1. With the alpha-carbon atoms as the only input, what is the per residue convex hull volume for the range 141-189 in Å³?
2. Based on the Cβ-Cβ distance of residue 245 and residue 440, what FRET efficiency does E = 1/(1 + (r/R0)^6) give at R0 = 51 Å, to the nearest 0.05?
3. Shape verdict for the range 244-363, please, from the Cα gyration tensor: rounded (a/c under 1.5), prolate (a/b greater than b/c) or oblate.
4. Given the Cα-Cα distance of residue 361 and residue 225 and 0.36 nm per residue of separation, how much length would full extension add, in nm?
5. Each label point is 7 Å from the Cα along the Cα-to-Cβ direction; what then is the distance between the points at residue 305 and residue 253, in nm?
6. If each residue of separation counts as 0.36 nm, what is the full-extension length gain between residue 193 and residue 277 once their alpha-carbon separation is subtracted?
7. Distance in nm between label sites at residue 320 and residue 210, each 7 Å beyond Cα in the beta-carbon direction?
8. At what distance in nm do the modelled label points of residue 202 and residue 270 sit from each other, each positioned 7 Å from its Cα along Cα→Cβ?
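Computed from the coordinates by the stated procedures, all read-outs in this text should not be read as laboratory data. The shown structure was predicted, so the numbers you read here are calculated from the model rather than taken from an experiment. Cβ placement follows ideal geometry from the backbone for every residue including glycine, while neighbour counts extend to all protein chains displayed.
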C-alpha cells in the first residue's frame, strides 16, 4: 500500500507564505499604510413611494462605508490574488493540502482571510456580529448553511435541523428576512433524478423519498409559522423539475396569504422563463402566491458536459447576451405580475439591478416594497448592495457559514467563479482601489 505523502519543508513554507499573504493583506503597495479616515454609517432619508434617489454603482464612498483601513487593505489583497487565475489554482491546491496535512495555523489563517471575506462564521452564533453590522446599513442577511451533505439519513436530518435553526434565528432577528436550503441537503439526489426520469421507485426508495418530503415540509411549516421567507435553491437540470414540483406543492400549502416559499429560476437555461410563467398561471388559478428568486446560474460547465455525455441538447442559452436578455425579460414579467409574484433579483449584474429599479419606478412601486428584493453574495459586489440599500431598496447578503474545512468546497468555488466570470475580480479590485485613493484624497 502506497504511503501517504507528507509535506516537505519547502511545500509547507509555500503554503504558509500564500496564506500569510491573504491574511496580512500585504502586496507591496506602500500607500496602503498611510492613514485613511474611517467612515461612519450614513444614509439618505427614506425615498418617496415612487421616486427613489438616483443610484450610482460607482459610489465607493457608500459601497465601502463599513470597511476600516485595515479591512479595505485585506480585501484589496484578496481580490488582487483572485485576479490571477494561476495563483487561484495554485493557492486552492495549497489550502486543500494544508488542511489535509494539518499544518499548524492553517485553519486560523484560512478563517481570517478567504473564509472571513466570504463567510459569516462557523456557527449561527458566530454570524451574529456580521448580521448586526450589515443591519446598521439596512442590509439583511440570508444565513446559508454551506456544508455539503454525506448522503445519509443522519446527514439529511442534521441539515434539516440546522436549517430549522436558521429559520428560528430569522424569526428572532429583524435583520434576517430569508432562510435558504438546497433540497439535496435533505434528499437523495439519485432518487430525485429517478423521479424526474419517470422511473419507478423501489419500496425502499419510496420510503426514503417520503422522509425527504417530510423534511422539506418541516422546513416550510416552520417558516410559515414564523412568517420567514424561505428560498428553495436551484440545482442541476436533470433533477430540477422534481425540485420544482416539490416547491410548488409547498407553495400551494403555505403561500395562501403571502409568498413564504420561494423557488429559484436559473435564467441561463432557455426554458426557465416559460417555467416561471407556467408556475404563475397555476398559482393564479389555484389561489396562492409565487415567490421567485431569479439568478443566472451556477452549473454551466457541468450542464454542458452532462448534456453531451447523455446525448441531449444543452439546456443552457447559447450566449451570455441571450442569458442577459432572458433574465431582464423575467424581471419585467415579475413586475408586470407583482400582484401574484414576489421577486428577488439574485444578481451581481449592474445593468439588471438598475433595470429592476427602473421597472419598479415605472410600476409605481416604492423602493422598499416588501415584494421586491435584491441579493448578492457576502464579500462580493458591495457597490450594488450598499448603494441599493442606501437608496431605500430591500437588499440582503447571502451569508454562508459552517466549519472551515467543510465550507472549503464553497470557498474554492467562489475563488474559481471570480476568476472565471469575465472581469469580476478586476471589477471588485478596481472599485476597492478607487476607494482607497478617494480616502487618500487622490
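1. 55 Å³
2. Plugging the Cβ-Cβ distance into 1/(1 + (r/R0)^6) gives 0.35.
3. It is oblate, given that a/c is not under 1.5 and a/b is not larger than b/c.
4. Residue separation times 0.36 nm, minus the Cα-Cα distance, leaves 45.7 nm.
5. Each label point is offset 7 Å from its Cα along the Cβ direction, giving 3.5 nm.
6. 27.9 nm
7. Result for the modelled spin labels: 4.9 nm.
8. With each label placed 7 Å out from Cα toward Cβ, I get 3.8 nm.
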